[in-house]
Amino acid sequence: MKQILVRSEHCLGCKSCELACAVAHSTSKTLFQAIQEVKLPQKRVFVESNDGLNFPLQCRQCLDAPCAHACMSGAMQIDLGTGLIQVDEQKCVGCMMCVMVCPFGVIAESPSTHRVAKCDRCRDLDYDPACVSACPTKALEFVEVQEFAHSGRQTFLDQMKGVY
């Protein structure tokens with residue numbers, strides 16, 4: 001299964017991924033109309049910065065998902081077709097238990113509905129994450145874990161060649 005993985009050394013902290021995420025989850029799917037919608041779009045990726053390090057973070061789709069275990073209403077469920085943790089907004093009662101147990105802090109309250117929102121890997125875009133497409137430096141990659149790891153090893157070897 002593909003994962004959204006980060007090359008933090010490439011992240012500028014521009015938050016293009018946050019904006020693209022919010023627009024992708026808007027009703028209109030366009031920036032200029034989205035900012036005027038009654039139910040404002042909710043981002044599901046969060047760019048955090050600390051001492052020059054920028055890091056975009058979204059739901060990690062944990063195998064043993066604490067959010068799904070803590071959800072008393074059954075709104076947070078594993079989609080058996082995709083293996084992803086998804087939120088059924090109709091079932092969500094807004095208790096925020098999932099927010100409290102998420103180890104990454106990437107489940108947020110939607111201010112307009114008082115229910116939760118989290119990364120759904122852009123289900124409406126046929127699982128083509130808008131955050132990845134919007135990243136100008138390609139800090140975000142939607143790839144198989146083995147492919148990402150191999151690329152990291154190749155980068156390390158390229159750096160070592162420059163040392164010798």
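The values are calculated or read from the model by the stated rules, or taken from the named source; none is laboratory data. What you see is a predicted model; the values in this text were computed from it and never measured. Heads up, the Cβs are rebuilt from the backbone with ideal geometry, glycines too, and the neighbour counts pull from every protein chain shown.
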- Message: Going residue by residue through the stretch 144-163, is there one that turns out to be assigned by TED's automatic domain parsing to the domain that holds H25, under 27 Å from K15 (Cα atoms) and either surrounded by 14 or more Cβ atoms within 10 Å (Cβ to Cβ) or in contact with a Cys (Cβ under 9 Å, 6 or more places away or on another chain) (or both)?
- Response: yes
- In the stretch 71-86, anything within 16 Å of the chain's Cα centre (by Cα) and part of a loop (DSSP other than H, G, I, E, B) is listed as T82, G83, L84
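Quick one: is A75 surrounded by 14 or more Cβ atoms within 10 Å (Cβ to Cβ) and farther than 19 Å from E48 by Cα?
Details: surrounded by 14 or more Cβ atoms within 10 Å (Cβ to Cβ): yes; farther than 19 Å from E48 by Cα: yes.
Considered against the rule, which asks whether it is surrounded by 14 or more Cβ atoms within 10 Å (Cβ to Cβ) and farther than 19 Å from E48 by Cα, A75 comes out as yes.
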- Message: Among the numbered criteria (1) loosely packed, with under 13 Cβ neighbours inside 10 Å; (2) more than 15 Å from the chain's Cα centre (by Cα); (3) not in a loop (DSSP other than H, G, I, E, B), which one does A68 miss?
- Response: (1)
- Kindly provide the set of residues from the stretch 35-52 that are at pLDDT 95 or above and hydrophobic (A, V, I, L, M, F, W, C), ordered by number. V45, F46, V47
- Query: If only one of T137, T155 is β-branched (V, I, T), modelled with pLDDT under 95 and out of contact with any Phe, Trp or Tyr (no Cβ under 7 Å at 6 or more places or on another chain), which one is it?
  - Reply: T155
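How many residues, within the stretch 100-146, are of a type in the set (A, V, I, L, M) and under 15 Å from D88 (Cα atoms)? Give the derivation first.
Kept after step one, since they are of a type in the set (A, V, I, L, M), are these residues of the stretch 100-146: 100-101, 106-108, 116-117, 125, 130, 132, 134, 139-140, 143, 145.
Now narrow it down to the ones that are under 15 Å from D88 (Cα atoms): 107-108, 116-117.
Going through the stretch 100-146 one residue at a time, the tally reaches 4.
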- Complete set of residues in the stretch 29-53 that are under 15 Å from the mean Cα position of the chain (by Cα) and assigned to a strand (DSSP E or B): V45, F46, V47, E48
